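Structure, as C-alpha cells:
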Amino acid sequence: MIRKLKTNIVIGNIILKNFIRLSSKEKMLILKWRNDWRVRKWCYTEHIITKKEHKEFIKKLKNDEKNFYWVVKSREGSYLGVVSLNKLDTLHKHAYLGIYSNPKFKGVGKILMRALKELAFKIAKLHTLKLEVIETNRHAIEFYKKQGFKEEGKLKEFVYKNNKWLDVIIMGIINEEN
C-alpha cells in the first residue's frame, strides 16, 4: 500500500500527482500557494517557506512512509489544491488529513475532500481519518462537519498565534460513517 501512495492516482476525473513526482514548475506553484496568506494563516507555522525548505521537504518525502502529499488536478489541467495523508498508521489503519485549495479558486473543497476520502478509505483502506483544525477557523470546522466529521476532542492552548494561545479541535470520521 505504501508504494501505491507514492504514485500518481486517478480518481474519476481528478488526478492526484504525488509531490515526489512534481515538475520544478509544479513545486514552485505549490510553494506559492502554501506561502499565500489565505493558506498560511490557518497553518501551525505561518512563516514564508523558502525554496530551499520546500525542496528539502519534498526530498524527505521520498523515504517517508508516514506522510504523503498530492497536488489535485482536473483532467482539463486546472490545479485545484493539495491533499495529504499524514501520520499514517498501517497497524491501526488511521491517518490525519491535510487539505488546502488553490487560493485563486473558491468552492473546490468538496472535490478535494471527495478525493481524500476515496484515497483514505478505498485505496489506503483506512478505518478512520482524523484532522486537526485551529479553533478560530470556524469556516473549516463547519465544512468538515458537513463532510461527516465529528468533534472528538481538543488540544488546549496548542498553538501560539497572533500573541495568544489557541485550542486545536480534533475531528474524525470512521469509514462506515463516510
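Just checking, which of Lys150, Lys146 is open to solvent by 40 Å² or more (accessible area, probe 1.4 Å) and either acidic (Asp, Glu) or free of Cβ contacts under 8 Å to residues at least 12 places away in the same chain (or both)?
Result: Lys146 is the single residue among Lys150, Lys146 that is open to solvent by 40 Å² or more (accessible area, probe 1.4 Å) and either acidic (Asp, Glu) or free of Cβ contacts under 8 Å to residues at least 12 places away in the same chain (or both).
State whether one or more residues within the stretch 33-42 are without any contact (Cβ under 8 Å) to a residue 12 or more places away in the chain and not hydrophobic (A, V, I, L, M, F, W, C).
Within the stretch 33-42 (the criterion being without any contact (Cβ under 8 Å) to a residue 12 or more places away in the chain and not hydrophobic (A, V, I, L, M, F, W, C)), the answer is yes, since at least one residue qualifies.
Residues to consider are Lys60, Lys66; find the one that is among the basic types (Lys, Arg), open to solvent by 80 Å² or more (accessible area, probe 1.4 Å) and not in a helix (DSSP H, G or I).
Lys66 is the lone residue from the list that is among the basic types (Lys, Arg), open to solvent by 80 Å² or more (accessible area, probe 1.4 Å) and not in a helix (DSSP H, G or I).
So Ile30 passes all but one of these: (1) out of contact with any His (no Cβ under 9 Å at 6 or more places or on another chain); (2) assigned to a helix (DSSP H, G or I); (3) of a type in the set (A, V, I, L, M, F, W, C); (4) open to solvent by less than 40 Å² (accessible area, probe 1.4 Å). Which condition number does it fail?
Failing condition for Ile30: (1).
Residues to consider are Lys106, Lys93, Lys87, Lys66; find the one that is over 21 Å from Thr128 (Cβ atoms) and charged (D, E, K, R).
Lys106
Could you run through the stretch 3-19 and say how many residues are open to solvent by less than 40 Å² (accessible area, probe 1.4 Å) and part of a helix (DSSP H, G or I)?
2
Quick grid of which residues meet (1) of a type in the set (D, E, K, R); (2) at pLDDT below 95:
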position	(1), (2)
Lys106	yes, yes
Met113	no, no
Glu142	yes, no
Phe158	no, no
Ile173	no, no
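With buried (at least 16 other Cβ atoms within 10 Å of the Cβ), out of contact with any Phe, Trp or Tyr (no Cβ under 8 Å at 6 or more places or on another chain) and within 28 Å of His139 (Cα to Cα) as the only criterion, which of Tyr100, Tyr79 stands out?
Tyr79
Look through the stretch 115-133, keep the residues that are of a type in the set (Gly, Ala, Ser) and in a helix (DSSP H, G or I), and return whichever of them is surrounded by the most Cβ atoms within 10 Å (Cβ to Cβ).
It comes out as Ala120.
The values are calculated or read from the model by the stated rules, or taken from the named source; none is laboratory data. Since this is a predicted model, take the numbers as computed values, not measurements. As a convention, Cβ positions derive from the backbone with ideal geometry for all residues, glycine included, and neighbour counts pool all protein chains shown. Heavy atoms of the whole protein, side chains included, go into the accessibility calculation; ligands, DNA and RNA do not. Shrake-Rupley method; radii C 1.70, N 1.55, O 1.52, S 1.80 Å.
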